[in-house]
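S.K.: The structure under discussion is supplied below as C-alpha cells; questions concerning it will follow.
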Amino acid sequence: MTRVLVVEDDPGIAEVVLDYLRESGFSARHARDAATAAAIATSEAFDLVVLDLGLPGGRDGLDLARDLRRTSDVPIVILTARDSETDRVVGLELGADDYVTKPFSPRELVARVRAVLRRAEAGRATTLGGARAATSDHVLRLGGLDVDPSRRRVTRDGTDIELTATEFDLLATLASAPGRVFTRGQLLEAVRGVAFESYERAIDSHIKNLRRKVERDPGDPELILTVRGVGYRGADA
C-alpha cells in the first residue's frame, strides 16, 4: 500500500486530508511539526509527503523540505495557506513536486498526489526496464551531457549527475529535440502528465535547479537557453 506522510499542524485540516487519502486507498500517517516528521521519515519509508509550510516549533515546512531533499528524492506536495509567488518559488526551488494552496479541494489534492506518484513510478519503472525503456534505448546528447532515458541516467565525461524526477524529465524533453523551443505549458505537460492546469512558472524554478547541476556556469547557461516570453530550448548540437 502506498504510504503518505501528512505534515500539518491544524488538526481539522489534517483529519480531512488523512480521511480522503485513506478512502482513496493510501496508508497515511500524520505529524504535527517538522521535528516529529523528520524523526518519522528517518525511521520509516514513505512514497510521498504532503507538507504544510506554516509549522510550529521554530522550524517550518521549508526547513523540513530542505532536510528531506538532502537525503531523499521522496515526492513532496506542499499544502499551505502561503500563496505568495515568493513562497511558491522557494518551495519549488527546494524540490517540491507540486504546490496546493488553502482553501483547497480534498479531491483535487488526492488527484495531484496520484499524478505526482504516477510520474515518480514511471521513473522507477524505466530504471527497472519498464515501458519507456522498451521504446527508448538510445542515449540523447545535449552539449557534453549523455542523457539515457532507459536508465534515467545523466552523465558528463562518465560522471553521474544526480537529478530529481522532474529535473530529469525536463532535461530529457529538451535533449530530445535540441534547438526546438518548448513553451512552459509544453514542459509542464511533459513533466506532470496531468490534464488540469498547474503553476506554469514552477518550470522556471525547476530549470533554475537543473542549471545549477548541469551547467558549468549557471549564470551564463550554454545547454538550457531561455527564449524570452516563450519558454526554453536545448542548445543546438
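S.K.: Hey, what's the chain come to in accessible area per residue, 1.4 Å probe, Å²? It would help to have the intermediate numbers written out before the result.
M.R.: Working: 11350 Å² over 237 residues.
Spelled out: the 1.4 Å probe surface of the chain, per residue, equals 48 Å².
S.K.: Which of 113, 90, 100 moves the most in a Gaussian network model of the chain with Cα springs under 10 Å?
M.R.: 90
S.K.: Another question about this same structure. Using just the alpha carbons, could you tell me how many Å³ per residue the convex hull of the stretch 1-107 encloses?
M.R.: Numbers: hull volume 9.5 nm³, N = 107.
So the per-residue hull volume is 89 Å³.
S.K.: How much mean residue ellipticity at 222 nm does the chain get from its helices, if each DSSP H run of length 4 or more adds -39500 (n - 2.57) and you divide by all residues, to the nearest 500 deg cm²/dmol?
M.R.: Value at 222 nm, helices only, nearest 500: -13500 deg cm²/dmol.
S.K.: Using a 1.4 Å probe over the heavy atoms of the protein chains, calculate the carbon and sulfur portion of the accessible area of the chain as a whole percent.
M.R.: Working: 5420 of 11350 Å².
Reported share for carbon and sulfur atoms: 48 percent.
S.K.: Moving to a separate point now. Output needed: percent of Cα pairs per 5 Å distance bin for the chain, bins running from 0 to the one holding the longest distance.
M.R.: Histogram of Cα-Cα distances, whole percents per bin: 1, 6, 14, 18, 19, 16, 12, 8, 5, 1, 0.
S.K.: State the extension gain, in nm to one decimal, for the chain segment bounded by residue 42 and residue 23, taking 0.36 nm per residue of separation less the distance between their alpha-carbons.
M.R.: Full-extension gain reported as 4.2 nm.
The values are calculated or read from the model by the stated rules, or taken from the named source; none is laboratory data. The structure presented is a predicted model; accordingly, all values stated were derived computationally and were not measured. Just the protein is used for accessible areas: all its heavy atoms, side chains included, with ligands, DNA and RNA removed. Shrake-Rupley method; radii C 1.70, N 1.55, O 1.52, S 1.80 Å.
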